[in-house]
Amino acid sequence: MKMCISRNIQGIQPSVTLAITAKAKAMKKAGVDVIALSAGEPDFNTPENIREAAIEAINRGFTKYTPAVGTPELREAICEKLKRENGLVYEPSQVIVSCGGKHSISLAIMALVERADEVIIPAPYWVSYPEQVKLAGGTPVILEAKKENGLKITPKQLRKAIGNRTKLLILNSPSNPSGVVYSEQEIKELARIVLEAGIYVLSDEIYEKIIYDGAVHHSIAAQDGMQEQTIVVNGVSKSYAMTGWRIGYAAGPQEIIQAMGKIQSQQTSNPCSVAQAAALEALTGPQESVEKMRKAFNERRKYIVQRLNSIQGLSCSVPQGAFYVFPDVSAFYGISMDGTRIDGSVALCDFLLEKEKVACVPGAGFGADNHIRLSYATSMQNIKHAMDRLERGLNRLLK
């Protein structure tokens, strides 16, 4: 029988982060003492006021269909948030609420990208960007952010990468997986090139509130002339510990948002009504929980970076945002142990999971095979135990 799966789907890679997380969970279920540093979600519970808003919504019967693009109240709240915090002025008709930030990104790419269009993606990148471009029939153009440039792309690199078929640049600051945050001057220089080229930017700002050391988040959409060429994507998953609620949103030119709405109406109808009520409370209610979580992440960040840099052969830069570290582990490549050769990040992560019971994510999935990603969105106790195991395993390799 002929292969029935479409060629588009055959070319898509599964999410490496979800795959590692699933493997770690299966091992834990089987009784193995695994410490997972792989998941990209806060370990805190959703704040009580948000949970109560969801319960209240259920009790008053807010369990029916909503407009496909989200409730008017939530879209209005998003407009107010973007104006208050980002200096961006939108009408509710320029906002769409979707089933998570990942869904918002997918809708934007589908609305903009046609076959043969090119999309510039700085590496290291979030694992889903290239695959979503492929699903839309476009071509990912991977632009390597050099270590000497702090894992950020330069204006010179961007200008050189833009060609006749370039449609879109995907920019993620604060970044998953590296934690880098582009400065206002760096954003300004990239915006100037984008404006000259007349291409669009998808600005993934999901980690904007998780930021450290005095760094400041700057949306490229706030630069002069850029709002009409930018789709801003955000959501409540990371800042409010609401990953499972699946609410993301996008704001941009009305024509693009309307196109995204058409796609969403045929794909999912509307985002969950109860989750939208919870998201409304997240954006408009007390914000103390956001800072409380950020402070806890900051404490863990300092500890994990110090521990990693004390390990011989390992080099870890200090992230300015998000809740990941992205150490360079290439010094351990080429080493063999117990019949297994460490030939890259996948092999090293397999070694650490099998031998030391620590789940990390290979940098290969992020377009940076010399690195691995570790999440510090877990307890300090887990981090300390994981670092002990990681150090022991890596020292065994060096010996």
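Bear in mind that the values in this text are calculations on the coordinates, not laboratory data. Quick caveat: nothing in here was measured; it's all calculated off a predicted structure. Using ideal geometry, Cβ is built from the backbone for each residue, glycine included, and neighbour counts are taken over all protein chains shown.
Here the peptides 320-331, 335-346, 113-124 are ranked by packing, the mean other Cβ count within 10 Å, and the order with the highest first is 320-331, 113-124, 335-346. All other residues whose Cβ lies under 9 angstrom from that of M337 are scored, Lys and Arg at +1 and Asp and Glu at -1, for a net of +2. Normalising the average separation of contacting C-alpha pairs (under 8 angstrom, six or more residues apart) by the number of residues puts the relative contact order of the stretch 48-284 at 30 percent.
Checked against a 22 Å cut-off, the cross-linked pairs K29/K292; K64/K209; K25/K355; K102/K302; K134/K167 give Cα-Cα distances beyond that limit for K29/K292; K64/K209; K102/K302.
Rounded if a/c is under 1.5, else prolate if a/b is larger than b/c, else oblate: which is the stretch 1-123, with a ≥ b ≥ c the root eigenvalues of its Cα gyration tensor? Oblate. Please work out the Cα center distance from the stretch 291-332 to the stretch 117-162, rounded to the nearest Å. Computed from Cα coordinates, the inter-centre distance equals 24 Å.
Here the 3J(HN,Hα) profile of the stretch 330-346, calculated from phi with Karplus coefficients 6.51, -1.76 and 1.60 at θ = phi - 60°, is 5, 5, 9, 7, x, 8, 10, 8, 6, x, 10, 9, 7, 9, x, 5, 5 Hz, Gly and Pro shown as x.
When +1 charges are put on Lys and Arg Cβ atoms and -1 charges on Asp and Glu Cβ atoms, the dipole computed for the chain relative to its Cα centre reaches about 1020 debye.
Between helix 101-112 and the chain there is an angle of about 60 degrees, using the helix long axis and the longest principal axis of the Cα atoms. Please list log₁₀ I(q)/I(0) at q = 0.06, 0.12, 0.14 Å⁻¹ for the chain, using the Debye equation with identical point scatterers on the alpha-carbon positions. The Cα Debye sum returns log10 ratios of -0.24, -0.98, -1.31.
Largest mean-square fluctuation among D369, D204, D43, in a Gaussian network model of the chain whose springs join Cα atoms under 10 Å apart, belongs to D43.
Checking the a/c ratio against 1.5 first, then a/b against b/c, what shape does the Cα gyration tensor give for the stretch 189-240?
Since a/c reaches 1.5 but b/c is at least a/b, the shape of the stretch 189-240 is classed as oblate.
The orientation-averaged projection of the convex hull spanning the C-alpha atoms of the stretch 48-284 amounts to 12.3 square nanometres.
Across the stretch 18-144, C-alpha contacts under 8 Å between residues 6 or more apart give a mean separation that, scaled by the residue count, equals a relative contact order of 14 percent. The alpha-carbon atoms of the stretch 275-399, seen along their principal axes, cover 56, 26, 23 angstrom, with the largest extent given first.
Compute the Cα gyration tensor for the stretch 195-319, then decide on rounded, prolate or oblate, letting a ≥ b ≥ c be the square roots of its eigenvalues: rounded whenever a/c is under 1.5, prolate when a/b is larger than b/c in the other cases, and oblate in all that remain. Oblate. Sorted from longest to shortest, the spans of the Cα atoms of the stretch 317-356 along the three principal axes equal 39, 19, 13 Å.
Near S15: Cβ cut-off under 13 Å, other residues only, Lys/Arg at +1 and Asp/Glu at -1. The net charge is +2. Helix 288-309: angle to the longest alpha-carbon principal axis of the chain, degrees 0 to 90, nearest 10? Long axis of 288-309 versus the principal axis of the chain: about 30 degrees. The residues neighbouring N149, those whose beta-carbon lies less than 13 Å from its own, together hold a net charge of 0 under the Lys/Arg +1, Asp/Glu -1 convention. State the antiparallel share, in %, of DSSP beta bridges confined to the stretch 48-284, rounding to the nearest 5. Around 30 percent antiparallel, to the nearest 5.
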